[in-house]
Amino acid sequence: MASAEKPVPAITPEMAGFFEGAKRGQLMVERCEGCGEMRFPPHELCSRCLSDRAKWVPTSGRGEVFSFNVMHQVYHPGFAAEVPYAVVVVRLEEGPKFVSNLIGVQPADIRIGMPVEVTFERLSADVTVPKFRPRSRS
């Protein structure tokens, strides 16, 4: 029996800059052009200064595990081969928090504050998504 495919996110106009960056291997966030606040996901207005001007900028791709959950059940058949897998909230060095998967580590070894770095998974010709992996503290 063939395995189910993972769902592929839709590229909306609001997220186009994010997905363009991911295809190039860059993790992008919005930076407010009014006050410089970095944010993700994108918002129509800056929550700090209420500016409606922002642009997509690359990040370092580094951060630390802020929170995590280990998925033990199969909620979508496209992820069945990966169970158990970790869903993490990563606080990027630049400040924004980002929800993704943590790969390359056993779930029992994940710790709050664990240093991580971005890596990318190509889901289709148009869609590449960021994931995170452990990194050394250097």
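Please treat every number below as a calculation from the coordinates, not as lab data. Only a predicted model underlies this, so the values are computations on that prediction, with no experimental measurement involved.
Among the lysines, select those whose C-alpha is under 26 Å from the C-alpha of LYS6, and discard any that sit fewer than 8 residues away in the same chain.
Partners within reach: LYS23, LYS97, LYS131.
Can you run phi through the Karplus equation (6.51, -1.76, 1.60; θ = phi - 60°) for segment 119-134 and list ³J(HN,Hα) in whole Hz, with x for Gly and Pro?
Computed from phi, the couplings for segment 119-134 are 9, 10, 10, 7, 9, 7, 4, 9, 10, 10, 10, x, 10, 10, 9, x Hz.
Residue by residue through segment 69-80, what is 3J(HN,Hα) from phi via Karplus (6.51 cos²θ - 1.76 cosθ + 1.60, θ = phi - 60°)? Round to whole Hz and write x for glycine and proline.
Residue by residue, segment 69-80 yields 9, 9, 8, 10, 9, 8, 9, 9, x, x, 9, 4 Hz.
Segment 1-64 to segment 72-108: how many Å between their Cα centroids?
Here the answer is 18 Å between Cα centres.
Mind checking which of MET71, MET114, MET38 has the largest fluctuation in a GNM of the chain, springs on alpha carbons under 10 Å?
MET71
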